[in-house]
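Asker: So that we are looking at the same thing, I have put the structure below in structure tokens.
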Amino acid sequence: MGTSRSSWRNTTHDWATDVDLGHLAGIRGNPAEFAPGGVRHLILEVLAYAADEAASTGAGRCTVTLHPDGSVSVADEGRGTDTRFDEHGRPVKKPVMASKDLRFFDDPGTETLPDGHPRRGMSVVAALSEWLVHTNRRLSGSWIQRYEQGVPVSGLETVAGDGATGTTVHFLPDLHLFLPDLHLPPLADDLRRLADGRPGLVVTVDDRRGG
């Protein structure tokens, strides 16, 4: 058994807010502001969390996979997204996808990503994707959850552990939200160059798009 959610201290996100629909709608209403550079920026938002994990341990690895259907997955070997158990023994994942990052979203001057644009948080990626699947492996358990336009459409479903920890974020960018000149898929060489701005994190790019 765990403890009441009301006793959990907020750090990066508000534990009391499972889904902030107004927040997600605001992002979708202005993709040029929240994802300048389109898909590249979304990938860098995810890589920033992998870099956070690498910084906490001194080093880390992740793989960015560019899939033929236009989706992107980013898999790291970190500790996994913070998931706690409430007083009823139910797992509760920090609402990183569906609510604002308290560190960055309202203060874009605090950190910039390697493309020179402000870091806003994972909710930007979720909100600007047709769908996103978050697989989360921790020492305390493993779970998967699916989102559509940032809103969870499945519960936190338990998956079998494989002895490893880390997160995989697999998303399909909602390309009709971006300007025409941002529709081009990201290039592997660009991603390698941009990832160089995250010290301590080794990024591998697996480009499966062909052509």
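Asker: Quick check on ARG9: is it at pLDDT below 90, assigned to a helix (DSSP H, G or I) and of a type in the set (Lys, Arg)?
Answerer: no
Asker: For a quick check of your reading of the model, give me the residue pairs whose first member lies in the stretch 4-20 and is within 15 Å of ARG90 (Cα to Cα), whose second is modelled with pLDDT under 85, with beta-carbon atoms closer than 7 Å and at least 6 apart or on different chains.
Answerer: TRP15/ARG5; ALA16/ARG5
Asker: Being part of a loop (DSSP other than H, G, I, E, B) and without any contact (Cβ under 8 Å) to a residue 24 or more places away in the chain is the filter here; which residues of the stretch 112-150 pass it?
Answerer: GLY116
Asker: Those residues that are over 16 Å from the mean Cα position of the chain (by Cα) and closer than 20 Å to THR65 by Cβ, I need them from the stretch 116-147; list them, please.
Answerer: Answer for the stretch 116-147, where residues must be over 16 Å from the mean Cα position of the chain (by Cα) and closer than 20 Å to THR65 by Cβ: just SER142.
Asker: Also, I was wondering about something else. Identify, from the list ALA50, ALA75, ALA98, the residue that is within 20 Å of ASP14 (Cβ to Cβ) and in contact (Cβ under 8 Å) with a residue 12 or more places away in the chain.
Answerer: ALA98
Asker: Still on this structure: Considering (1) on the phi < 0 side of the Ramachandran plot; (2) touching a Pro at 6+ places or on another chain (Cβ under 8 Å); (3) surrounded by 15 or more Cβ atoms within 10 Å (Cβ to Cβ), say which one GLY141 fails and leave the rest.
Answerer: Condition (1) is where GLY141 drops out.
Residue-by-condition table, conditions (1) closer than 21 Å to PRO152 by Cβ; (2) among the aliphatic types (A, V, I, L, M); (3) in contact with a strand residue (DSSP E or B) (Cβ under 7 Å, 6 or more places away or on another chain):
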{"position": "ARG5", "(1), (2), (3)": "yes, no, yes"}
{"position": "TRP8", "(1), (2), (3)": "yes, no, yes"}
{"position": "ASP18", "(1), (2), (3)": "yes, no, no"}
{"position": "ALA25", "(1), (2), (3)": "yes, yes, no"}
{"position": "ARG28", "(1), (2), (3)": "yes, no, no"}
{"position": "ALA35", "(1), (2), (3)": "yes, yes, no"}
{"position": "GLU45", "(1), (2), (3)": "yes, no, no"}
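Asker: I need the full set of residues from the stretch 164-198 which are at pLDDT 70 or above and in a loop (DSSP other than H, G, I, E, B), in order please.
Answerer: Within the stretch 164-198, ALA164, THR165, ASP174, PHE178 qualify.
The values are calculated or read from the model by the stated rules, or taken from the named source; none is laboratory data. Since the model is a prediction, treat every value here as computed from it, not as a measurement. Cβ sites come from the backbone with ideal geometry, for glycine too, and all protein chains shown count toward neighbours.
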